[in-house]
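Trainee: Sharing a structure here in structure tokens format.
The values are calculated or read from the model by the stated rules, or taken from the named source; none is laboratory data. Quantities reported herein were computed from a predicted structural model and do not represent experimental measurements. In this analysis, Cβ positions are derived from the backbone assuming ideal geometry, glycine residues included, and neighbour counts consider all displayed protein chains.
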Amino acid sequence: MTIKDTAEEWEIRATDTPFTGNKTSVRTDDVVMPDGSVARRDYQVHPGSVAVLALDDEDRVIVIRQYRHPVRQKLWEIPAGLLDVPGENPLHAAQRELYEEAHVKAEDWRVLTDVYTTPGGCDEAVRIFLARDLSAVEGERFLVEHEEADMELERVPVDELVRGVLAGELHNNCLVVGVLSLVAARSGDGLEALRPAQAPWPARPFEA
């Protein structure tokens, strides 16, 4: 048996968008269930995101600490951000986020993993990249505002991040998934076997 997610779409009898925000919206669908009944499902519609696990030559990961109001915590995270426009190339978006949040560029890019963050209530899809062969970017740092104005940046050894994840001290989805995927890839076929940076992404199709 092959364990693999598959595309499927159940009949929608009615749909409404009761809320539209700056970047996301809320949709209500009346969905036909397998037994013929109709159930109402509310979910957040999201443009999609990218995240970057940037690994330096000393086996340290670039992490940032940022206030997240919905959970009332400052979380350690890896650089990440929204896809700005539908169909945007996720690699280009990831390169932009690494530059803006860490002022770093990378020569080697690979897809680490693709995830749905909360598929029971949001259609957000995230592509997490592995970025290596890092170097500082010349020029002025990107102008930050709001929560990003208070952002901290560190380079933390992979082993220390794994310890923090398993101890329940680090909670950001992309950091947890990214770090544990890195460890799994290393113990499996190796980092060179990871998918190329322009690998297809059915959840958010794009042109290379």
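Trainee: Do we have Leu112 as within 19 Å of Val158 (Cβ to Cβ), in contact with a Ser or Thr (Cβ under 6 Å, 6 or more places away or on another chain), in contact (Cβ under 8 Å) with a residue 40 or more places away in the chain and in the same structural domain as Glu160 (by TED's automatic domain parsing) here? Reasoning before the result, please.
Mentor: Values: within 19 Å of Val158 (Cβ to Cβ): yes; in contact with a Ser or Thr (Cβ under 6 Å, 6 or more places away or on another chain): yes; in contact (Cβ under 8 Å) with a residue 40 or more places away in the chain: yes; in the same structural domain as Glu160 (by TED's automatic domain parsing): yes.
Taking the combined requirement at face value, the residue satisfies it.
Trainee: Here is a list: Lys4, Lys74, Lys23. Which entry is outside the structural domain of Ala102 (by TED's automatic domain parsing) and within 18 Å of the chain's Cα centre (by Cα)?
Mentor: Lys23
Trainee: Among the residues of the range 185-208, which ones are assigned to a loop (DSSP other than H, G, I, E, B) and of a type in the set (D, E, K, R)?
Mentor: Filtering the range 185-208 for residues assigned to a loop (DSSP other than H, G, I, E, B) gives 188-190, 194, 197-208.
Result: Asp189, Arg204, Glu207.
To keep it simple, each residue is scored yes or no on (1) at pLDDT 95 or above; (2) of a type in the set (S, T, N, Q); (3) more than 23 Å from Pro86 (Cα to Cα); (4) not in a strand (DSSP E or B).
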site: Val111; (1), (2), (3), (4): yes, no, no, no
site: Pro119; (1), (2), (3), (4): yes, no, no, yes
site: Leu143; (1), (2), (3), (4): no, no, yes, yes
site: Glu154; (1), (2), (3), (4): yes, no, yes, no
site: Glu169; (1), (2), (3), (4): yes, no, yes, yes
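Trainee: Among the residues of the range 81-119 satisfying the criterion of being acidic (Asp, Glu) and under 21 Å from Pro205 (Cα atoms), which is nearest to the chain's Cα centre (by Cα)?
Mentor: Pass one, the range 81-119, residues acidic (Asp, Glu): 84, 88, 97, 100-101, 107-108, 114.
Of the ones still in play, those that are also under 21 Å from Pro205 (Cα atoms) are 84, 88, 97, 114.
Working: Asp84: 14, Glu88: 14, Glu97: 11, Asp114: 8 Å.
Checked the range 81-119; the qualifying residue nearest to the chain's Cα centre (by Cα) is Asp114.
Trainee: Among the strands (runs of 3 or more DSSP E) lying completely within the range 20-94, list those that include at least 2 residues that are charged (D, E, K, R) and buried (at least 16 other Cβ atoms within 10 Å of the Cβ). First the steps, then the outcome.
Mentor: Working: elements: 25-32, 38-45, 49-54, 60-68, 73-77, 80-82.
Once the strands (runs of 3 or more DSSP E) in the range 20-94 are filtered for at least 2 residues that are charged (D, E, K, R) and buried (at least 16 other Cβ atoms within 10 Å of the Cβ), what remains is 25-32.
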